[in-house]
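Asker: Below is one structure. I have some questions about it.
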Amino acid sequence: MDRSIRIVLYVVFPAMLYTRTDAGFFSSVARLEKLVTAEREMVATVKQHIQNGGKVSTDMQRYVNSFENSFSASKREHIAHHPVRAYLLIKRLSNITSSEAQMLTGKEVQLPTAEDLHMTALALIVLQDVYNLDMRRLALGQIMMVSQSSNGEEFQTTEVCSEDPSSTLGPSDTYYIGEVACKENKFYQAVFWFNLTLERMRENEKTLLKVSSEPTDRRGLRRLDVLLKLADTVQKIKWDQTVFMAVSKLGAQKTDANGNADGLRHLSRLLENAISSLTKPIRTEIPHVNYENLCRLGVLKNRAPHPTLTCRHVRSSPYTYLSPVKMEVLHEGSPLVVLYHDVITDKEVQKIRDMALARMERSPVVADDGGNMFSKTRVSETGWLFDTEHTVIAKLSRRVEYITGLDVNWPYGEAFQVLNYGLGGFYEPHVDYFRDEQPALLTNGQRIVTFLFYLSDVEAGGATVFTRLNLTVPAVKNSAVLFHDLKRSLEFEKDSEHAGCPVLMGSKWIANKWIHAHGNEFRWPCGLAPEE
């Protein structure tokens, strides 16, 4: 079944269905920002305990030292919004026990789990892959995107974040990330993370083969271990008889130091040749290449790619006559895609974010059987806000009604779905309308219009892209994008397929309002032709 049709979210009263345990630090940057603040408070308490003559475990002492040697002076946004810094934060906190932290601080402490570390590593894999980041620079805390010029021959680099000595990935980090890639069946990406591990080991002068023993890093990582893992991963992508023979011969020579060294060098040369011939696999279930290209375009230009856009003031209702709405037409054909500027205030944005943050839970998707499930194709957290909860929410719904001319009151319009994306957070290409085989979701008719508010700017990445329209819409705070999910004949707008690009730097907040066909029969009349 087509993934773009399958992954559609519709939940009635979702706050009643999911528990807080479904969320993690990886699934919301806003939650990670709170973790940064909590960490500093905890470290200050532990340091005071040590200064007063108190005893702590070796792991806790090592953790405090690592905190002091890191980016402790940085603002919390600088840590939570940077993928490498966020990974190092979660890794550092995952090395201590919550029981000791709770005993020292005197209050309950929520620490990152193994899933948080795994998913944060996966975020780095996705970001490097989608945005074609320079891996060597990434290991040094620098985010630099590499792209080919229009002639396809020269390479261009775009620096998103400069090099940060305090945000460096060591060999054990890059090796772990490679292992995560293998567990996620991303063998092509794993090859390059393992290869980067070898480079990092050489840079750290830890790969000099000695007669007595082979040097290792702090976690006991040996060059032999990495080469064998790299060889195994390469073989899973493309079988190579010479690599297989070299690994077999190397295994027979483990007791011979000189033979072992020769075997390692021989295997290294074979792997270099094998890696140079690898090609990136094409994912057939989604238009992946176009999706990635559009996402990269969102970082490079930070604007929609079409040069022939039109902008105008619109007075869609008497309420907007004295204060017309600024509308930018991104796609005037079918489906209609427009961007409204300055349609929500900073004060309203802050209120919505504050209300939603208190009820954020991991964003689910709809499974094949119609039930809800959590998927790695969607990394974000959701909070639902109803018009009856606050005057600001009701006022915002009325504004959507004035702009669209449609009835957005429940049940003809859904509650606001407020989302904050996680580390490298994204949502793969999908459509918002429901499948015909999901009648339980059609109680109030099909979704005919999506109205999406941007509640934050994003430093890099996080654009909304329409894969079939070749259209990129950057996340611009206080603006909103509208697009049709159905034609006026109520046929599916298959070209409304869209995706949320991975957040490369920053925190992405959005709020969706979906409007349904029921209740809008006279406001959404059929066109003069069946195809309208």
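Asker: So, in the range 505-532, exactly how many residues are surrounded by fewer than 17 Cβ atoms within 10 Å (Cβ to Cβ) and among the small types (Gly, Ala, Ser)?
Answerer: 2
Asker: Would you confirm, using the coordinates I've provided, whether LEU104 is within 26 Å of VAL180 (Cα to Cα) and modelled with pLDDT of 70 or more?
Answerer: no
Asker: Look at ALA499 and say whether it is among the small types (Gly, Ala, Ser) and in a strand (DSSP E or B).
Answerer: Yes: the conditions hold for ALA499.
Asker: Separate question: Looking only at the range 483-504, count how many residues are surrounded by fewer than 20 Cβ atoms within 10 Å (Cβ to Cβ) and either under 23 Å from THR345 (Cα atoms) or of a type in the set (Gly, Ala, Ser) (or both).
Answerer: The number of residues fulfilling the criteria is 1.
Asker: On the given criteria, is LYS301 at pLDDT below 90, more than 30 Å from ASN195 (Cβ to Cβ) and among the basic types (Lys, Arg)?
Answerer: Yes.
Asker: Give me a count of the residues in the range 157-195 that are more than 26 Å from GLY506 (Cα to Cα) and of a type in the set (A, V, I, L, M).
Answerer: Residues meeting the conditions: 1.
Asker: Another question about this same structure. Restricting to the range 162-183, what's the tally of residues that are modelled with pLDDT of 95 or more and charged (D, E, K, R)?
Answerer: Counting residues in the range 162-183 that are modelled with pLDDT of 95 or more and charged (D, E, K, R) gives 3.
Asker: As an exercise: evaluate THR233 against (1) under 33 Å from the mean Cα position of the chain (by Cα); (2) at pLDDT below 90; (3) assigned to a helix (DSSP H, G or I) and give the number of the one condition it does not meet.
Answerer: Condition not satisfied by THR233: (2).
Asker: Kindly check whether there is at least one residue in the range 92-111 that is in a helix (DSSP H, G or I), within 27 Å of the chain's Cα centre (by Cα) and aliphatic (A, V, I, L, M).
Answerer: Yes - at least one qualifying residue is present in the range 92-111.
Asker: Considering only residues that are within 20 Å of the chain's Cα centre (by Cα), of a type outside the set (A, V, I, L, M) and either surrounded by 15 or more Cβ atoms within 10 Å (Cβ to Cβ) or at pLDDT 85 or above (or both), which ones fall in the range 261-289?
Answerer: Passing the criteria: PRO287, HIS288.
Asker: Going residue by residue through the range 338-348, is there one that turns out to be within 30 Å of the chain's Cα centre (by Cα) and free of Cβ contacts under 8 Å to residues at least 12 places away in the same chain?
Answerer: yes
Asker: If you don't mind, there's one more thing I want to ask. Got a number for residues in the range 41-68 being in contact with an Asp or Glu (Cβ under 8 Å, 6 or more places away or on another chain) and hydroxyl-bearing (Ser, Thr, Tyr)?
Answerer: Residues that pass the stated criteria total 1.
Asker: Suppose we keep only residues that are assigned to a loop (DSSP other than H, G, I, E, B) and in contact with a helix residue (DSSP H, G or I) (Cβ under 9 Å, 6 or more places away or on another chain) within the range 193-207. Which one would you say is modelled with the highest pLDDT?
Answerer: ASN204
Asker: Moving on to the next point. Report yes if LEU396 is farther than 30 Å from LEU122 by Cβ and either in contact with a strand residue (DSSP E or B) (Cβ under 8 Å, 6 or more places away or on another chain) or among the polar types (S, T, N, Q) (or both), otherwise no.
Answerer: Criteria met by LEU396.
Asker: Out of ALA480, ALA475, ALA463, I need the residue that is touching a Cys at 6+ places or on another chain (Cβ under 6 Å), surrounded by 21 or more Cβ atoms within 10 Å (Cβ to Cβ) and of a type in the set (A, V, I, L, M). Which one?
Answerer: Only one candidate passes the filter, namely ALA463.
The values are calculated or read from the model by the stated rules, or taken from the named source; none is laboratory data. Quantities reported herein were computed from a predicted structural model and do not represent experimental measurements. We place every Cβ from the backbone using ideal geometry, glycine too, and count neighbours over all the protein chains shown.
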